[in-house]
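Trainee: Below is a structure I'd like to ask you about.
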Amino acid sequence: MARSISLQLRGFDNLNRTVRTSQRVYRLSRTLAHWSDWIGNFIDWVEDMDEDKRIVIENLTTRYPGTEQPQLRQINAEVHTGQVVGIIGNSHSGKSTLCRVLAGVIPKMVSAEIEGDWHMFGQRVSDNWPVYNAMNGVVLQNPAGQLSGLADTVADEIAFDLINQGMAEGLIQKRVEEVATQMGLIEQLNLRPESLSGGQSQRLAIATAIAANPAVLIMDDPTSQMDPLGRRQFFQWLAQVKETTVFIVTSEIDDLCEVADVVWVLHEGQMVAQGRPGEVFNHLAADWQIPAPTIQQLAQKMDWHLADGRYPVNYADLKEVRYVHN
């Protein structure tokens, strides 16, 4: 298929190549939405945000075609805007399915039966899908699959959504540089996306998801291919994120305890625990097969407790408990 794109930050041409995968179609559909079709709903939604700053999931059940048992069963949860929500669980617990539902991939791109509902800022997402679709950012497990496939350089890939939103060229360049700096990709801006390592591809996928400043960011195991330095930089960045509501699936328990406001534990498709990291990790059940954070394991060996009897799970708690015991 002939290439019909030559994007440079100093002069952009039209984008006309066919998108070849469902994830790419998903991303393109977000950026090419007809603003006039949903602007009224968007205004209503923004007005409701001042009154209701919660994201609420009610009795959510999800079943893929051809399966007897649902992948998610009666999920109920509530978070406040701007919180970082860590989603953990063993294999086949329903973590990725929940991310797909939150992102709208189910049922918009992947067929599945859904019962129950979820609301954002007082509005049913299913009633206002175009608005929500334009307000979220998504990073799924396969970073290469969700890139546009249309860009000649990393800079062009980051700029993709911004171009289609009609942003001014100067603002695009500024935003691309900001996001690339946050994701440690400044030196890679002129490289071809397919030349990046696995970890760099994940950082690029995150960069494309946050370029338009989404109100909600959904990430499914976004650091699985990153080296230790890349993971540390990512979680340092995540700790600085404000106002955006973040849902993140990860097995990096120690890092998660440092940044998460809330932790959800899934087991066999059910929400078996939810709360602040210290509350959740101090009450793990053995059959969930989730390891305790390293700091908690150290505190248990030293018999260091917080004032309420819990073991510390992050550095802030550890400093407090060491002060008490010294």
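The values are calculated or read from the model by the stated rules, or taken from the named source; none is laboratory data. Being a predicted model, the structure only gives us computed values, none of them experimental. So basically every Cβ, Gly included, is an ideal-geometry build from the backbone, and we count neighbours across all protein chains shown.
Trainee: Collect the residues in region 216-226 that are part of a loop (DSSP other than H, G, I, E, B) and either in contact with a Gly (Cβ under 9 Å, 6 or more places away or on another chain) or surrounded by fewer than 21 Cβ atoms within 10 Å (Cβ to Cβ) (or both), keeping them in residue-number order. It would help to see each step written out before you state the result.
Mentor: Taking region 216-226 and keeping what is part of a loop (DSSP other than H, G, I, E, B), we get 221-226.
Of everything in region 216-226, those that are part of a loop (DSSP other than H, G, I, E, B) and either in contact with a Gly (Cβ under 9 Å, 6 or more places away or on another chain) or surrounded by fewer than 21 Cβ atoms within 10 Å (Cβ to Cβ) (or both) turn out to be Asp221, Thr223, Ser224, Gln225, Met226.
Trainee: Going through region 227-237 one residue at a time, which ones are surrounded by fewer than 23 Cβ atoms within 10 Å (Cβ to Cβ) and either touching a residue at least 12 places away in the same chain (Cβ under 8 Å) or outside any helix (DSSP H, G or I) (or both)?
Mentor: Keep residues of region 227-237 that are surrounded by fewer than 23 Cβ atoms within 10 Å (Cβ to Cβ), which gives 227-233, 235-237.
Once the filter is applied, which keeps residues that are surrounded by fewer than 23 Cβ atoms within 10 Å (Cβ to Cβ) and either touching a residue at least 12 places away in the same chain (Cβ under 8 Å) or outside any helix (DSSP H, G or I) (or both), region 227-237 yields Asp227, Gly230, Arg231, Arg232, Gln233, Phe235, Trp237.
Trainee: A further question on this structure: Being closer than 19 Å to Gly89 by Cα, in a loop (DSSP other than H, G, I, E, B) and not hydroxyl-bearing (Ser, Thr, Tyr) is the requirement here; does Ile290 meet it? Please lay out each step first, then the result.
Mentor: Working: closer than 19 Å to Gly89 by Cα: yes; in a loop (DSSP other than H, G, I, E, B): yes; not hydroxyl-bearing (Ser, Thr, Tyr): yes.
Yes, satisfied.
Trainee: Then there's this: Check Glu279, Glu258, Glu243 and return the single one that is in a loop (DSSP other than H, G, I, E, B) and among the acidic types (Asp, Glu). Spell out how you get there, then give the answer.
Mentor: Details: Glu279 fails: in a loop (DSSP other than H, G, I, E, B); Glu258 fails: in a loop (DSSP other than H, G, I, E, B).
When all the criteria are applied, what remains is Glu243.
Trainee: Right, next: Taking the residues in region 132-157 that are of a type in the set (S, T, N, Q) and more than 30 Å from Ser91 (Cβ to Cβ) as candidates, determine which candidate is modelled with the highest pLDDT. Walk me through it before giving the result.
Mentor: So in region 132-157, the residues of a type in the set (S, T, N, Q) come out as 133, 136, 141-142, 146, 148, 153.
When the remaining residues are screened for being more than 30 Å from Ser91 (Cβ to Cβ), the result is 148, 153.
Numbers: Ser148: 86, Thr153: 96.
Looking at the filtered set, the residue picked out is Thr153.
Trainee: Take Lys242 and decide whether it is charged (D, E, K, R), touching a residue at least 60 places away in the same chain (Cβ under 8 Å), at negative phi and surrounded by fewer than 23 Cβ atoms within 10 Å (Cβ to Cβ).
Mentor: Working: charged (D, E, K, R): yes; touching a residue at least 60 places away in the same chain (Cβ under 8 Å): yes; at negative phi: yes; surrounded by fewer than 23 Cβ atoms within 10 Å (Cβ to Cβ): yes.
In short, yes.
Trainee: Consider Ile106 carefully, then state whether it is within 27 Å of Val241 (Cα to Cα) and without any contact (Cβ under 8 Å) to a residue 60 or more places away in the chain. Steps first, please.
Mentor: Values: within 27 Å of Val241 (Cα to Cα): yes; without any contact (Cβ under 8 Å) to a residue 60 or more places away in the chain: yes.
It is true that Ile106 is within 27 Å of Val241 (Cα to Cα) and without any contact (Cβ under 8 Å) to a residue 60 or more places away in the chain.
Trainee: Further question: Just for region 66-86: of the residues that are in contact with a strand residue (DSSP E or B) (Cβ under 7 Å, 6 or more places away or on another chain) and part of a loop (DSSP other than H, G, I, E, B), which one is nearest to Lys53 (Cα to Cα)?
Mentor: Keep residues of region 66-86 that are in contact with a strand residue (DSSP E or B) (Cβ under 7 Å, 6 or more places away or on another chain), which gives 70-86.
Subset that is part of a loop (DSSP other than H, G, I, E, B): 70-71, 81-83.
Details: Pro70: 30, Gln71: 28, Thr81: 5, Gly82: 9, Gln83: 11 Å.
Among those that are in contact with a strand residue (DSSP E or B) (Cβ under 7 Å, 6 or more places away or on another chain) and part of a loop (DSSP other than H, G, I, E, B), it is Thr81.
Trainee: Go through the residues of region 169-181 one by one and say whether even a single one is outside any helix (DSSP H, G or I), surrounded by fewer than 20 Cβ atoms within 10 Å (Cβ to Cβ) and modelled with pLDDT under 95.
Mentor: First, pick out the residues of region 169-181 that are outside any helix (DSSP H, G or I): none.
The answer is no; no qualifying residue exists.
Trainee: From (1) at pLDDT below 85; (2) of a type in the set (A, V, I, L, M); (3) touching a Ser or Thr at 6+ places or on another chain (Cβ under 8 Å), pick out the condition that doesn't hold for Val125.
Mentor: Of everything listed in (1) at pLDDT below 85; (2) of a type in the set (A, V, I, L, M); (3) touching a Ser or Thr at 6+ places or on another chain (Cβ under 8 Å), Val125 misses just condition (3).
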